[in-house]
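K.L.:
Just passing along the structure, written as structure tokens.
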Amino acid sequence: MSGVSGWRKRPRGLQIPLVQGFQVAQGTVLSRNAEDSNININKDSSRCNCNHDNSSSSGRTNRTSTLLCVLLIALLFILQVGTVGAIDMWWQLGMSDLLKNPQVYILGATPICTQLKGLSAGQVRFCQKFNDHMPSIGRGAKMAIGECQSQFRFMRWNCSTVADSSVFGPVISIASREAAFTHAISAAGVVHAISRSCREGDLHSCHCSRAQRPRNLDEEWIWGGCGDNIEYGYRFAKAFVDVREQEKTHPRHSPELARMLMNKHNNEGGRKAVYNYAKVACKCHGVSGSCALKTCWQQLPTFREIGDRLRDRYNGATEVRFNRRGTRLVRKVRKFNKPTREDLIYMEASPDYCVANATTGSLGTKGRFCVRNGKGMEGCDLMCCGRGYNTYKQKLVERCHCKFFWCCYVKCKTCERIIDVHTCK
Amino acid sequence: MAGVVLETLGNKKLSILIISLLLVLAAFFLVGGLVSPAPNNVIATTAINCVDSEKLWPLGTSQPFLPRGKKKCSSIGDLHKDKVIIDEELGPNQIVFSQMIPLVRDNTQLSMSRWFQNLIGVVDLDIEFSSKNPYSEEKSPKMVLDARLYGRFKHETDDDWKLIAAAQEQRTLECAIENDNREEGASYNCDLLPLFELGSVYYDFYLINICLPVRERNIYNVNIGRLSELKVIFIHQNGGFTKVWFSMKTVMFPMVLAALCWFWNRVISQERSTNLTERTLFSLGIILSVMNCPVEWLTLAFNLPFMVLLNDIRDGAFYAMLLSFWIIFVGEHMLDQIERNKLSAYWKHLTVVLLACLSLLIFEMCERGRQLVNPFFSIWSSEVGSVAAFTFIIVASIAACVYFLFLCYLVFKVFRNISTKRSSLLHMSTFRRKYYSGLIFRFKFLMIVTLLCAALTVIFFILGQVSEGEWKWGDEDINIEYTSAFLTGVYGMWNVYVMALLALYAPSHKHFTTGDDDNSDTLSQEEEVQLTQVPSTSASEGSNLASFMAKTAAD
């Protein structure tokens, strides 16, 4: 149960009812609690395929001690490799083509959950339970990656993706500001995408109302209507994103615990950037259109606004360290303000993004485009870290004289022009 | 000689009456604030972008485009980058925005209910900043929404969607963006576009299809920029609020009717011709009863889209009558020697009231009346219509101001007359002086109550507006619904007010001996017999106050 505790311990006493009648009957993994119909996911990880999980050795019969030892050693080895190398992240869903076709889920093809790369054991269970949510999560992750790259396109670290399961490469395993940002923006992406899917009517289990009056959903709906979808997106994202951080317990003072706390904080920061900044729109519709009756509703902020907000938070991120007991993170420099739940936190200084480094995972800025005489980070002086730049002429073939409408296919001609291109040495 | 109840009722009984009326009023507010949910609910949806690849939409014969279910249309996620767009070279005329309400929640297909009474649709466009495809900021672009609204019952299938209305409507798109925010992909802030208003929620499911056809020749839908998504927001009355509202009307209707009958019975039993105040009060009661009459129950069984219009007209008639009543009431207490007591004496004042109400009625008929035929109609969308609508509203507000000044002037005159005549009270005997100053006090008291009612209406109106503006997430504490409380409270307040008038301005059966008996015992004696049915023999008209004034004038 600890895996979904964030989901259940909501202070407002609202419980999100179980998805009834959904074809997710993986008996060993799920159990349904018929009485209170709450989400109830067992902590059985027998079908977990992620190399972090050490619980697959539990419950073994005592055959020979040697075999056990070998297994344990092997496991420890895998664990070591896992932490040094890339982290498996659910952000993979944003890169995956498997999610392109939502029909796959509707057909009840639950085994696909184990094929999806990057999901932790708890997230696999979520996938099986809420399989219609997975395309939205994929969409959210994709949006997050796109927004990250757009926000950092002129920075030395440009949020580039690599072709492995960590999405952003091993550089994210450093507990830096950049890691904080990626966690936050992808959590925000999930909130945004789930809320939007609810509004599109894509999902079957968006919850309905916070009104407590009649018990039955139909009556409740007729009595007081439905609650807001952003709240559902927030709660689902909290459960789904944070479940991977809660799967294991770490000893005090351990770097794993620190990283876990940091990730959870930054995930929350990302979610709050959507949830707390929903805009309100209103419509007057009283007698003769007067404003005696005014109805208001929440509007999802655009993802660009969320990205801008998180970018500000990235710039003002707080450096933290363990407290004396090694259980919580506190700010390193006392004179700075205490980080709120909306702020981002980090623990380690960012690595040098100027030069490629196999240990840190930095890709370096060699070959990056830059702007000559640019004053900001995009300027060749800063971007190339003083190494200088190459300039060459490039023939640019582009679409031009286009006829644009509010959407759809754009008819264009192609034009060619020669431009100067600068790339870092 | 007979007075009205207000003048003859003992202080104790008067205060009991007032306190009980105040309690009823408080009950109205509490029912609205605690029992009833918010008056309206919002279903905020994002439309599904259906693809009309065979170009069936312009033919008008096509099946509706469904956003989900077995017959779901083929849809695209992104309006610009989707693969299908490039493969099939889709044009903007081939996109049909579709949404169906209510949405699926908690794995249940909810359905609309007739308790919802009315349904409003609003469109919200998300326009992105794009330097290549800019939104025309100098001149707000004209849009044409080609919209179709369908309805279906629960027991029917997706083949049975019935077309409720179809129309091509013009709207003007007003958007703005901050200067430091002008980068690719940033969003404009766009005004909401009114889409439709339905006066009844007769079906279980509603489906909206919208097409934004591009017409280069007429410059429609051309310079609206880059659309990233179209949201349709549906607003309907909450079933809980409707239930509370209906119950209140059903309770108030017989109560006011009983008070009215009692009042008229009293007037008739006076065996004299009725005076103007009584007749006006009687018509006010009748109009209030008409407003209270809970004919809305019929909407649960029949499709009555005119009910919203009817309710607005009933409300308007009540307020018109109330405003006329105040003019006549104050005029009849002018305490000068001019004989009024007939409607023609007030033609100047009443014209103003009627003018205001008539222009509002015409506006209402233009907007809501037209919507009976075409729910997508909005008077504000065409230039001529919005000029006309503005004219009506300006005429109405000017008339309201003139009315208010008139009324203030009249009330001021009454109070001045009272204070000049008060000096003559000194020449009277102690008991009579006490009695008449009591009358004056009660008249003033009623004026103050009237003002209080008006002030409370305004205050609660503002409170409702402010509380809606400060949108909260709803804590676990008891949430007071200001808007519901405002609506039920104001409704209850005017009901209670009219009932109080009917009770206090009914002719009293008690006979006050204006004669030589200065004994204060008489008053207590009078109080004992005031409710016994003593047949009146007096033929004198009007209240004691009027006769007092005639007397002082004669002195």
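K.L.:
Quick one: Debye curve from the alpha-carbon atoms of the range B:1-79 only, equal weights, vacuum; give me log10 I(q)/I(0) at q = 0.17, 0.20, 0.26 Å⁻¹ to two decimals.
P.N.:
-0.86, -0.95, -1.20
K.L.:
Still on this structure, I have one more. Considering every residue in B:183-190, what mean count of other chain Cβ atoms within 10 Å of its Cβ is obtained? List each step's numbers first, then the result.
P.N.:
Details: counts 3, 2, 7, 4, 5, 0, 1, 0.
The per-residue average across the peptide is 3.
K.L.:
Expressed as a whole percent, how much of the Cα-Cα distance distribution for the range A:90-363 exceeds 22 Å? Present the calculation step by step, with values, prior to reporting the outcome.
P.N.:
On the way: 22695 of 37401 pairs.
Summing the P(r) of the range A:90-363 above 22 Å gives 61 percent of all pairs.
K.L.:
Would you kindly work out the equivalent ellipsoid of chain B from its C-alpha gyration tensor and give its semi-axes, the square roots of five times the eigenvalues, largest first in whole Å?
P.N.:
Numbers: eigenvalues 728, 120, 80 Å².
The equivalent ellipsoid of chain B has semi-axes of 60, 24, 20 Å.
K.L.:
Can you pull the Kirkwood radius for the range A:380-424, inverse mean 1/r over Cα pairs, to one decimal in Å?
P.N.:
Working: mean 1/r = 0.0763 Å⁻¹.
Averaging 1/r across every pair of different Cα atoms and inverting gives 13.1 Å.
K.L.:
Can you give the mean number of other chain Cβ atoms that lie within 10 Å of the Cβ atoms in peptide A:408-415?
P.N.:
Details: counts 18, 11, 6, 2, 1, 0, 0, 0.
Taking the mean over all residues of the peptide, I get 5.
K.L.:
Arrange the residues A:Phe405, B:Phe461, B:Phe412 by how much accessible surface each exposes, largest first, with a 1.4 angstrom probe. Walk me through the numbers before you get to the answer.
P.N.:
On the way: A:Phe405 35, B:Phe461 70, B:Phe412 120 Å².
Descending order: B:Phe412, B:Phe461, A:Phe405.
K.L.:
Give me the percent of accessible area attributable to carbon and sulfur for chain B, probe 1.4 angstrom.
P.N.:
Details: 15900 of 25270 Å².
About 63 percent, which is the carbon plus sulfur part of the accessible surface.
K.L.:
Less than 26 Å apart at the alpha-carbon level, and either on another chain or at least 8 residues along: which lysines does that give for B:Lys154?
P.N.:
Cross-link targets: B:Lys70, B:Lys71, B:Lys72, B:Lys162, B:Lys231, B:Lys243.
K.L.:
What ranking do B:383-390, A:125-132, B:184-191, A:391-398 get when scored by the average of other Cβ atoms within 10 Å per residue, highest first?
P.N.:
Working: B:383-390: 13.2, A:125-132: 23.2, B:184-191: 16.4, A:391-398: 9.6.
Order by mean packing, descending: A:125-132, B:184-191, B:383-390, A:391-398.
K.L.:
Going by average Cβ neighbours within 10 Å, how do the peptides B:235-246, B:444-455 rank, with the highest at the top? Please list the in-between numbers first.
P.N.:
Numbers: B:235-246: 23.2, B:444-455: 14.7.
Highest-to-lowest ranking by the protection proxy: B:235-246, B:444-455.
K.L.:
B:Ala454 to B:Ala317: FRET efficiency via 1/(1 + (r/R0)^6), r the Cβ-Cβ distance, R0 25 Å, to the nearest 0.05?
P.N.:
Details: r = 18 Å, r/R0 = 0.73.
So, using R0 = 25 Å, E works out to roughly 0.85.
K.L.:
If you don't mind, there's one more thing I want to ask. Could you work out how far apart the two model spin labels at B:Thr430 and A:Cys412 are, taking each label as a point 7 Å from the Cα in the direction of the beta carbon, and quote it in nm?
P.N.:
Output for this residue pair reads 10.2 nm.
K.L.:
Can you give the mean number of other chain Cβ atoms that lie within 10 Å of the Cβ atoms in peptide B:204-217? Numbers along the way, then the final one.
P.N.:
Working: counts 0, 0, 0, 0, 0, 0, 0, 0, 3, 0, 4, 0, 2, 0.
That works out to 1 on average.
K.L.:
A follow-up question, please. How do B:Leu192, B:Leu288 rank by accessible surface area computed with a 1.4 Å probe, from largest to smallest?
P.N.:
Working: B:Leu192 45, B:Leu288 0 Å².
The ranking, largest first, comes out as B:Leu192, B:Leu288.
K.L.:
At a 1.4 Å probe radius, carbon and sulfur cover how many percent of the accessible area of the range A:90-363? Don't skip to the answer; put the middle values down first.
P.N.:
Working: 5270 of 10390 Å².
On the range A:90-363, the fraction of accessible area on carbon and sulfur atoms equals 51 percent.
K.L.:
If you take the accessible area of B alone, add that of A alone, and subtract the area of the pair, what total do you get in Å², probe 1.4 Å, to the nearest 100? Don't jump to the answer; show the numbers that get you there.
P.N.:
Details: alone 28330 and 23450 Å², together 45480 Å².
Using a 1.4 Å probe, the pair buries roughly 6300 Å².
K.L.:
With a 4.7 Å Cβ cut-off, tell me which Cys residues in chain B come up empty for a partner.
P.N.:
So, B:Cys211, B:Cys261, B:Cys293, B:Cys357, B:Cys366, B:Cys401, B:Cys408, B:Cys453.
K.L.:
Contour minus end-to-end for B:Leu23 and B:Lys413, with contour as 0.36 nm per residue of separation and end-to-end as the Cα-Cα distance?
P.N.:
Working: separation 390, 0.36 × 390 = 140.40 nm, distance 3.30 nm.
My answer for the length gained is 137.1 nm.
K.L.:
Under a point-charge model restricted to the Cβ atoms of Lys and Arg (+1) and Asp and Glu (-1), what is the dipole moment magnitude of the range B:40-237 relative to its Cα centre, in debye to the nearest 20? Please report the intermediate quantities before stating the final value.
P.N.:
On the way: 22 positive and 29 negative charges, 135 e Å.
Dipole about the Cα centre, nearest 20: 640 debye.
K.L.:
In a shell of Cβ-Cβ distance under 15 Å around B:Thr391, excluding B:Thr391 itself, what net charge do Lys and Arg (+1) and Asp and Glu (-1) give? Before the final figure, lay out each step's value.
P.N.:
Values: positive: none; negative: B:Glu364, B:Glu367, B:Glu383.
Taking every other residue near B:Thr391 into account, the sum is -3.
K.L.:
With only alpha-carbon atoms counted, please give the Rg and Dmax of the range A:347-392, in Å.
P.N.:
For the range A:347-392, the Cα radius of gyration and maximum Cα-Cα distance read 11.7, 41 Å.
K.L.:
Helix B:307-332 versus the longest principal axis of chain B: what angle, 0 to 90°, nearest 10, using Cα atoms?
P.N.:
So the helix axis and the longest Cα principal axis differ by about 30 degrees.
K.L.:
Please list the three semi-axes, largest first and in whole Å, of the ellipsoid equivalent to the range B:119-250, using sqrt of 5 times the eigenvalues of its alpha carbon gyration tensor. List each step's numbers first, then the result.
P.N.:
Numbers: eigenvalues 239, 73, 32 Å².
For the range B:119-250, the ellipsoid semi-axes come out as 35, 19, 13 Å.
K.L.:
Now, a different point. Please state, as a whole number in µm²/s, the translational diffusion coefficient that the Stokes-Einstein equation yields for the range B:265-370 at 37 °C and 0.692 mPa s, with Rh defined as the Kirkwood radius across alpha carbon pairs. Display every interim value, and only then the final one.
P.N.:
On the way: Rh = 15.9 Å.
The diffusion coefficient I find is 206 µm²/s.
The values are calculated or read from the model by the stated rules, or taken from the named source; none is laboratory data. Predicted model, so just to flag it, every value in this text is computed and none were measured. Backbone-built Cβ (ideal geometry, glycine too); neighbour counts: all protein chains shown. Ligands, DNA and RNA are stripped out before the accessible areas are found, and what is left, the full protein with its side chains, is counted by its heavy atoms. Shrake-Rupley method; radii C 1.70, N 1.55, O 1.52, S 1.80 Å.
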